[in-house]
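Below you'll find the structure, written out as structure tokens, and then a few comments.
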Amino acid sequence: MPFRPLLLSLVLLVLTTTAALAAEHEDPFATSVHTTYTVSLSGNTTVSHEFSLKNKTATSYVSQYAIKSPLKNLTKIAAETNSQPVQTEVTESENGTTIVLTFDDQVVGENKTRKFTLSYGSADTAIISGNVLELYVPSIADEQQYEKRSVTLKTPLKFGRATQITPEPEAVSFTTSTAVTNFPDLGKRGVVALFGDTQFFSLTLRYNLENSSSAPGITQIALPPDTPYQKMQYHSLDPAPNKLHLDQDGNWIATYEVGPSSAVAVYLTAAAQVHLWPSPEIPQPTVLASHTQKQKYWEIDEPAVLDVAKNIQTPQAIYDYVVSTLTYNLPGGSDPFPRKGALAALADPGNAVCQEFTDVFIALARANNIPARRVTGYGFNSNSQLRPLSLQTDILHAWAEYFDSQRQQWRQVDPTWGNTTGGGDYFSQFDLNHITFAINGVSSVTPYAAGSYKSNSFQSKDVEVELLDQFVPFEPDFTISLEDRRIFGIALPGLYTINITNNTGQAWYGLSASITTNSTNDEIAVNATNTEDTILPFQTLALPLLITSDQVQLPQTTQLLVTLSLENDYNTTKTFDGAQTGLALYHYLNETTITLILVGSFTIGTLVTGSLLVFRRRR
């Protein structure tokens, strides 16, 4: 009886694997495969498929086996069966690479099994960025039937076990240099794995500030802030701002004075530490009433928005809707291209970029009374097609965050990348590639992110981001000084200001100031007002201080002890000699009242003195 050779083709796609059988009989083989992905420290991956094809009939056997992959530049392609090399024919085209295996022998007979391996190297299966490894295993299409499919991931031990992985592995083990993650029965599913929970970046930012008027101008810029998922270290900020403060959305706002008809270029060099889990050190931003209200670009009272919102009332449902409804399409032409807003994006879902994905998510969330905000910043990526950066000016990106009322925390989501990666989960599993520059919640527009402060007279690259190997923690370093508070240029006993200057480029939290005196006189009291518990990089906090005495007598001299404490058990004490007390009356008056009393006293004194002079002259 003649035997019928069959050609078995396995077509591998980037995210989906499809197998097709060219045969007269349906499923003439029981197929199982075990695939091992071995990732090197450089990110190159060796893929090894171990196939087992058992004949279901007595008249069929495999003479050729073909694999087609969209990946190009595959290296070290090799196949063998029974420890003997198998001839391979490799063809590369615009659509990828096809590998055809031709077997010299025949494995004939029902229940007979052909076993063979195919291995190759790829630089595109795994991505190593600094301290993070991302690995993707394709899924199998429905028409391909495997009796068993198992997968093993072998990754460098320096990245540890996977911090985010779907689905959950059956087992994880470790050797002296490798983490081994096993999926003994993966079925048709793929694997998305992230190794590492922290990433470090180096930032160089430029802000171009221009004042074309004939009078001095005041302008403000947003510096990259700490967030629950991001820790900043400033190495230099030149020139120093006139003022630095924290706004309602947690932005770090620097104020500069720009002279008439002049320009100032502000340079910031910094390091950013991005982590997967919210840091307990950094407070969660306060949820405000404005975070659920209508804003420009977030038209939550429009019927077209409300009609959609009423059917999707959870953050997950809103995210899924945005990802599946909008289509990423970067318009032609040069920047800037206009921001449409949620209403216009819903009317034209086929032409959206990151700001439309973000605006629609926020509008639908707010329409359901879910607090939501816009985050603008930088999306670090190695594939601009899968993870595009489309916000106008420089190479910025926009994504959203919503407040999770159950976890009592703000959570970031990126529906744009959820759409462009073809199924990447940027809702329940965020990544380490998003660097926050500014947060828009109270306003849908301001503050503007770094990269938006362009010069009218020249072009410049204002955002540079690179990976860092490490993030060296700063130690607290404060300068404490005491100065007189002066009214009409007069220093009044008992009225002082304590200036606390942060000499580091890092924010510190849980700051408290304890001010005491070494006097044994129970009638000397110290009253200081400290409403800030956070001090920003290079910021100076001014604490009004009042020292009073119940004695109606000349000012007394005392010694002050100022102790600063942080939540991390840090504390330092500075001593000031020669501080003078004021009257106890000061304790019950505010500075405005004291000023009015002094003005009145000065006026009365002047009038009395003038009257005496006139009286004397008349005599």
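Given the options T420, T497, T479, T501, name the one that is touching a residue at least 60 places away in the same chain (Cβ under 8 Å) and of a type in the set (V, I, T). Before the answer, list the steps.
Numbers: T497 fails: touching a residue at least 60 places away in the same chain (Cβ under 8 Å); T479 fails: touching a residue at least 60 places away in the same chain (Cβ under 8 Å); T501 fails: touching a residue at least 60 places away in the same chain (Cβ under 8 Å).
Among T420, T497, T479, T501, only T420 is touching a residue at least 60 places away in the same chain (Cβ under 8 Å) and of a type in the set (V, I, T).
Any residue at all in the stretch 153-167 that's surrounded by 14 or more Cβ atoms within 10 Å (Cβ to Cβ), modelled with pLDDT of 95 or more and out of contact with any strand residue (DSSP E or B) (no Cβ under 6 Å at 6 or more places or on another chain)?
For the stretch 153-167, residues surrounded by 14 or more Cβ atoms within 10 Å (Cβ to Cβ), modelled with pLDDT of 95 or more and out of contact with any strand residue (DSSP E or B) (no Cβ under 6 Å at 6 or more places or on another chain): present.
Which condition does K158 not pass, out of (1) touching a residue at least 60 places away in the same chain (Cβ under 8 Å); (2) within 29 Å of V62 (Cα to Cα), if it passes all the others?
Here K158 meets the rest and fails (2).
What number of residues in the stretch 93-144 are buried (at least 17 other Cβ atoms within 10 Å of the Cβ) and on the phi > 0 side of the Ramachandran plot?
Final tally of qualifying residues: 2.
From the list E94, E89, pick out the single residue that is within 22 Å of V33 (Cβ to Cβ), assigned by TED's automatic domain parsing to the domain that holds T31 and not β-branched (V, I, T).
Going through E94, E89 in turn, just one is within 22 Å of V33 (Cβ to Cβ), assigned by TED's automatic domain parsing to the domain that holds T31 and not β-branched (V, I, T): E89.
Of all residues in the stretch 59-87, count the ones that are within 14 Å of V47 (Cβ to Cβ), hydroxyl-bearing (S, T, Y) and surrounded by 15 or more Cβ atoms within 10 Å (Cβ to Cβ).
Residues in the stretch 59-87 being within 14 Å of V47 (Cβ to Cβ), hydroxyl-bearing (S, T, Y) and surrounded by 15 or more Cβ atoms within 10 Å (Cβ to Cβ): 1 in total.
Could you list, in sequence order, the residues of the stretch 285-300 that are in a loop (DSSP other than H, G, I, E, B) and without any contact (Cβ under 8 Å) to a residue 40 or more places away in the chain? Explain how you work it out, then say what you get.
Restricting attention to the stretch 285-300, the residues satisfying the condition of being in a loop (DSSP other than H, G, I, E, B) are 285-288, 293-294, 296-297, 299-300.
Within the stretch 285-300, just T286 meets the criteria.
Report yes if V90 is within 47 Å of the chain's Cα centre (by Cα) and loosely packed, with under 14 Cβ neighbours inside 10 Å, otherwise no. Step through it out loud before you land on a result.
Details: within 47 Å of the chain's Cα centre (by Cα): yes; loosely packed, with under 14 Cβ neighbours inside 10 Å: yes.
It is true that V90 is within 47 Å of the chain's Cα centre (by Cα) and loosely packed, with under 14 Cβ neighbours inside 10 Å.
Specify which of the listed residues (T358, T255, T314) is out of contact with any Leu (no Cβ under 8 Å at 6 or more places or on another chain) and surrounded by fewer than 21 Cβ atoms within 10 Å (Cβ to Cβ).
Values: T358 fails: surrounded by fewer than 21 Cβ atoms within 10 Å (Cβ to Cβ); T255 fails: out of contact with any Leu (no Cβ under 8 Å at 6 or more places or on another chain).
Being out of contact with any Leu (no Cβ under 8 Å at 6 or more places or on another chain) and surrounded by fewer than 21 Cβ atoms within 10 Å (Cβ to Cβ) holds for just one of T358, T255, T314, which is T314.
Those residues that are loosely packed, with under 11 Cβ neighbours inside 10 Å, of a type in the set (D, E) and more than 22 Å from Q539 (Cβ to Cβ), I need them from the stretch 427-479; list them, please.
Scanning the stretch 427-479 gives a single hit, D469.
Residue by residue, here is whether (1) in contact with a helix residue (DSSP H, G or I) (Cβ under 8 Å, 6 or more places away or on another chain); (2) free of Cβ contacts under 8 Å to residues at least 24 places away in the same chain; (3) within 24 Å of T178 (Cα to Cα) holds:
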residue: T35; (1), (2), (3): no, no, yes
residue: T38; (1), (2), (3): no, no, yes
residue: V47; (1), (2), (3): no, no, yes
residue: E50; (1), (2), (3): no, no, yes
residue: L53; (1), (2), (3): no, no, no
residue: V62; (1), (2), (3): no, no, no
residue: K72; (1), (2), (3): no, no, no
residue: P85; (1), (2), (3): no, yes, no
residue: I99; (1), (2), (3): no, no, no
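Hey, does the stretch 330-342 have a residue that's in contact (Cβ under 8 Å) with a residue 12 or more places away in the chain, outside any loop (DSSP other than H, G, I, E, B) and surrounded by fewer than 20 Cβ atoms within 10 Å (Cβ to Cβ)? Explain how you work it out, then say what you get.
As a first pass, look at the stretch 330-342 and keep what is in contact (Cβ under 8 Å) with a residue 12 or more places away in the chain: 330-331, 335-337, 339-342.
Still in the running and outside any loop (DSSP other than H, G, I, E, B): 342.
From what's left, surrounded by fewer than 20 Cβ atoms within 10 Å (Cβ to Cβ): none.
There is no residue in the stretch 330-342 that is in contact (Cβ under 8 Å) with a residue 12 or more places away in the chain, outside any loop (DSSP other than H, G, I, E, B) and surrounded by fewer than 20 Cβ atoms within 10 Å (Cβ to Cβ).
Matching residues to (1) within 27 Å of T269 (Cα to Cα); (2) modelled with pLDDT under 95; (3) not in a strand (DSSP E or B):
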position: F357; (1), (2), (3): no, no, yes
position: Q385; (1), (2), (3): no, yes, yes
position: T393; (1), (2), (3): yes, yes, yes
position: Y402; (1), (2), (3): no, no, no
position: N419; (1), (2), (3): no, yes, yes
position: F430; (1), (2), (3): yes, yes, yes
position: S452; (1), (2), (3): yes, yes, yes
position: S460; (1), (2), (3): yes, yes, yes
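The values are calculated or read from the model by the stated rules, or taken from the named source; none is laboratory data. Note that the structure is predicted; figures quoted are calculated from it, not measured. Cβ sites come from the backbone with ideal geometry, for glycine too, and all protein chains shown count toward neighbours.
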